[in-house]
Structures are given as C-alpha cells and as structure tokens.
Amino acid sequence: MNGADTAWIIVATALVLFMTLPGLALFYGGLVRARNVLSVFMHCYAIACLMSVLWFVFGYSIAFGEGTSGFWGGTGKFFLAGITADSLSGTLPEILFFAFQMTFAIITPALIVGAYVERIGFGFVLLFSSLWMLLCYAPVVHWIWGGGMLADGGIFGDTGVRDFAGGIVVHETAGLAALLIAVVLGPRKNRTTPPHAPWMVMIGAAMLWVGWFGFNGGSQLAADGGAAMALTVTHISAATASLTWALWEKIKYGKASLVGLVTGTIAGLASITPASGFVGPVEALIIGAVAGVLCQEAVNVIRNTFKIDDTLDVFAVHGVGGIFGTIMIAVFGAGAWAAQLGGLAIVGAFTLVVTFVLIKVCALITPLRVDAETETNGLDLTVHGERAYDISS
C-alpha cells in the first residue's frame, strides 16, 4: 500500500460523490420548473443511496470480479466477499478502490435523470436505475476497466479501448440511455418553461467542476504527475468550452447566457474525461474549444431537428461530449482508431438494446409516466407531498 496514493484517492472519492450530491442535483434542479425541483433532488439522492447498496451487493463483483469471462466479473465478490482492510488493488486498499468506483456507479445513472424530469414515475426511476446500473453499466465497466473483452489483450488485440475516466463507460452509456428513454417517454406537455433558478444551475455546475478533479485526477489511481496532468487538462478544457459556448451563443443569438456558459463547462468536462490521462494542455485546449460549439449544436439538433425532449440535454452534452473525447484520443495518436471506434459501436449497441428492454420491462411493473394532472401540478407536491418554496412563510 502507498500512503500518498491512498490519501489522494480518499479525497477523490469524496469529490466524485460531491459531483452528484449536491452538484448534479443543483445543476439539474435549477433547470426545471419550481414545482419540480424537489423531485429532481429526490431522484438524485435516492439513486445515490440505492446504487451504493447495489454496488456493494452485486455491482462491484460484476465489474471488477476475477471471473474468467471477458463479459462480466462473476459472483466471487458479491457482498465484498473476501475483501478486508488489508486487501490491495494495486497500491490502494481494495476497499478504497471499491468506494471510489462506487461513486462512479452513483453518478452514471443519476446523469440520466436529466432526460426524464418533470414527467417520470418515481417508482420507475428507482427500478430502472437499479437494473440499468447492474445490467448495463457494470458489465461495460468490466469490459474496459476490469480487464474484460475491450481492454488490452481483448478483442482489439494488445491495444484495447482507451477510456481514462469514463467517456464511454459513463458518458456514452448514460447519454444514449437518456436519449432512448426520452424518445419512449415522449415530450413534456409544456416544453417552453424557462429554468426556474439559473443561479442554482451555476452553483451546481461549479460543484461539478470541482468534483471533476476527483473524477479525472482520481482515475490515475495514484498521487503522481499523471494525476496532476489529468486535473490540469480537465480544468483547461472546461474553461475553454465555457468560453466557446458563450461566444457561439453571442454570435448566433446576440446574447451569452449564464446557463449557456455553465453548460459549456459541463460539455468541456465530459469531452476531456476519456482523454484526460492521455493528452496535454494544448490538446485539452483544442478539445474544449470544439466541445463548446459541437455540444451546443447537438442540443439544437436533438431539440429542433429530431424534436426529442431530452429535457436537460443529457445526450447532447454528456453523450456527444464523451463520444467526441473518445475519438480525439485516436486523433492525437494516444489510442488505436479500430479500438476507439469499435468500442464506441459495441458499447453503444449494447446500451441501446439493454436500455430498451429495461424500459419495457420496468413499465410493466410500475408506471413509466405520471398522469397529465400530476405533470401540470408538478411532481413535488403531488408525488412527494412537499413544496420547494413556501412564499407565505
């Protein structure tokens, strides 16, 4: 065990949890109507709790078990069997590696929340998120990070898929699942209501930015120069994408908005995620500069061309960003083209099939969508019996 590595990953674990709670919750919560903000908080918080338990019971073993199959890790580490405080994973206590990866298993299904806010059944959220994390996310983790079929020595030969912190594992899977569930769910009754609290969106984005240092820097799994470089290029990409998004807004619409500026931040962060361990500051500047425009145009295409109500633009920002960053690894020569594109295709197809099946199965068990009256009145009071704001108090 290396004490410095252990200390850094303890901090990184806290930072990645901070991304979901409260970062993502505030970012998403500010973008919806005031009558739905608590439902967004409820979704993010409940998912964090439920994924933690499921990762402990089943998910960690599926992703990082020592099974011989290239498809999944087996059942050997269910309930963390055989793992003690003295067990090691590289230079880290394995129990810490488990906890760090648990925070990734929390935020990935939580990202999908943005696609279905304001109209989804709460029971469906819990059931779908649980099954999706175990049957879609965890196997993909094994394929790429757990020594499975897409890793080095797998189906792409000695040089497997390069995905440092989750461009494919986190952002492509969550983005595609979000897009598909938005299509099946259908649009909101009212798609024109503006964000109720842009200030809340900015605070959430700022928390995500800080937490992302643990997300990408922690993925080095060591306290060394590689972690420092990953952290630095993450920051440069986020800053650059924020500026190019705002500039593109100004050019197209005559005004640069706060929500646009901070959405550009998230686009830059998602795009650098897979490449953060393989590129330097100049490449990060390029990735961020392109991401701010590319993801903004993807928002327009999804909303206006395809008329899909991916409410908070999960696919356009996270999905497109993660896919773009994964391709840029090959562009900059840090990965093989066949592995990068092949990995995107295989994981994309798998995600779409599993997500579609789970949507249909879960909808048979619990209602997919709330009724029209509940949607009109808001989920906060109707579903959860609470109001975010009591102006009479």
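The values are calculated or read from the model by the stated rules, or taken from the named source; none is laboratory data. Being a predicted model, the structure only gives us computed values, none of them experimental. Note that we place each Cβ from the backbone using ideal geometry, even for glycine, and neighbour counts take in every protein chain shown. Note: accessible area is taken over every heavy atom of the protein model, side chains too, but ligands, DNA and RNA are not part of it. Shrake-Rupley method; radii C 1.70, N 1.55, O 1.52, S 1.80 Å.
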Q: Leaving out ligands and nucleic acids, note down the accessible area per residue over the chain with a 1.4 angstrom probe, in whole Å².
A: 37
Q. To the nearest µm²/s, what D does Stokes-Einstein give for the chain at 37 °C and 0.692 mPa s, using the Kirkwood radius over alpha carbon pairs as Rh?
A. 158
Q. Between Thr84 and Val282, what is the label-to-label distance in nm when each label sits 7 Å out along the Cα-to-Cβ direction?
A. 5.2
Q) Given a Förster distance of 41 angstrom, what is the FRET efficiency for Thr374 paired with Ala334, based on the Cβ-Cβ distance and rounded to 0.05? A) 0.25
Q: Distance between Cα centroids, region 90-156 to region 293-368: provide it in whole Å.
A: 15
Q: Can you send over the carbon and sulfur percentage of the accessible area for the chain, probe radius 1.4 Å, protein chains only?
A: 69
**Q.** Label-point separation, Phe356 to Ile95 (7 Å along Cα→Cβ), nm
**A.** 4.4
Q: Just tell me the longest site-free run in the chain, where the sites are trypsin sites (Lys or Arg not before Pro) in a DSSP loop having at most 12 other beta-carbon atoms within 10 Å.
A: 1-188
Q: Rank these by accessible area, largest first, 1.4 Å probe: Val357, Val37.
A: Val357, Val37
Q: Could you pull out the chymotrypsin sites (Phe, Trp or Tyr not before Pro) across region 235-307 that fall in loop regions by DSSP (anything but H, G, I, E, B) with no more than 16 other Cβ atoms inside 10 Å?
A: Phe306
**Q.** For Tyr45, solvent-accessible area (1.4 Å; no DNA, RNA or ligand), Å²
**A.** 140
Q.
Among Ile308, Ile112, Ile287, which one shows the highest mean-square fluctuation when the chain is modelled as a Gaussian network with alpha-carbon springs under 10 Å?
A. Ile308
Q) If you take the beta carbon distance between Phe306 and Val53 as r and set R0 to 41 Å, what does 1/(1 + (r/R0)^6) give as a FRET efficiency, to the nearest 0.05? A) 0.65
Q. Which is the longest run of the chain containing none of the GluC sites (Glu not before Pro) found in DSSP loop states (not H, G, I, E, B) with at most 16 other C-beta atoms within 10 Å?
A. 67-385
(Q) If R₀ is 22 angstrom, what is the calculated FRET efficiency for the pair Ala345 and Thr159, using the beta carbon separation as r and rounding to 0.05? (A) 0.85
